[in-house]
1. How far is the Cα center of the range 161-175 from the Cα center of the range 115-151, in Å?
2. According to the square roots a ≥ b ≥ c of the eigenvalues of the Cα gyration tensor, what is the shape class of the range 149-246, taking rounded for a/c under 1.5, prolate for a/b larger than b/c otherwise, and oblate for the remainder?
3. What number comes out for accessible area per residue over the range 133-174 if the probe is 1.4 Å? Units Å², please.
4. Check GLY141: other-chain or 5+ apart residues with amide H under 5 Å from its amide H, H built from backbone geometry?
5. Would you kindly derive the ³J(HN,Hα) couplings of the range 140-148 from the backbone phi angles with the Karplus curve 6.51 cos²θ - 1.76 cosθ + 1.60 (θ = phi - 60°), listing them in order in whole Hz, with x for Gly and Pro?
6. Ignoring ligands, DNA and RNA, what percent of the accessible area of the range 90-246 is carbon or sulfur (1.4 Å)?
7. Which of the three applies to the range 72-182, rounded, prolate or oblate, going by the alpha-carbon gyration tensor with a ≥ b ≥ c and a/c under 1.5 meaning rounded?
8. Could you rank the peptides 209-215, 178-184, 196-202 by their average count of other C-beta atoms within 10 Å per residue, with the highest value first?
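The values are calculated or read from the model by the stated rules, or taken from the named source; none is laboratory data. The shown structure was predicted, so the numbers you read here are calculated from the model rather than taken from an experiment. Glycine also receives a Cβ, built like all others from the backbone with ideal geometry; neighbour counts cover every protein chain displayed. Note: areas computed on protein heavy atoms with side chains; ligands, DNA, RNA excluded. Shrake-Rupley method; radii C 1.70, N 1.55, O 1.52, S 1.80 Å.
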Amino acid sequence: MQNVGLAVLLLATLAAFVYAFLPKPSATPVGGTTQPAEATPSSAPTETTSASPTPSATATETDEAEPPVAVFLGDSYTEGVGASSQEDRWSTLVALELGWEEMNHGISGTGYATNAQGPGYVDRLDDVIADNPDVVVVSGGQNDFSTYQFDPQGTLQAISSVYEELRAELPDAEIIAVGPSTPSAVDQTVFALDAAVQEAAKSVDATYVSLLDPDVFTLEMIQSDGVHVNDAGHAAIAERVINAVK
């Protein structure tokens, strides 16, 4: 009997040992299905629409700049007398070629000191300065030939005053002095006036343009009045100025 009890004890111990290593039953009920794991967002890239570019400050700054404002102060030639249209006068031809916005202050019969048909150049400077120009072109002097003969010092002072005041009031402007011209013979009076304009221009760091060296006109350019020039004459002045400024 003692042997039988020992055998039963060994069998019970062996059964317990085997049970400990048997696979455990699944938590899923028999015949049930395992629920799939919750889907997670895909990591694949998605197509997006970029926002339309907006104008930047840089783009605004690079827009085409406004053309320089150029004031032309002069006599009947500057006004355009003799040209078949305003588009053919020398000042407009220059402005178009150089990309300037033209402000024309030409008045017939006037000069640096002469005011036969309107105020002289000195008396029109306030109007020129009020335009706040980037460029000032002063042209003429032929109406001052007779004035110079009667009052040379007064005429020379008027020429100097024009350029001195322009430079003082418009320190950043480009100043261009177009010397006098004449459809007649060039004499000592003409040379004296031209030299005075050249000297006054030099004193304020202005560009001087000679219409006498060489003479800008030919006989075919002179109109029947013997004073003014035709379209060809205006074109010749424009070409001389453009070549000097470019």
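1. For the range 161-175 versus the range 115-151, the Cα centre distance is 13 Å.
2. oblate
3. 46
4. It is TYR112, by chain and number.
5. With the stated coefficients, the range 140-148 comes to x, x, 5, 6, 9, 4, 6, 4, 4 Hz.
6. 48
7. Since a/c reaches 1.5 but b/c is at least a/b, the shape of the range 72-182 is classed as oblate.
8. Averaged packing, sorted descending, gives the order 178-184, 196-202, 209-215.
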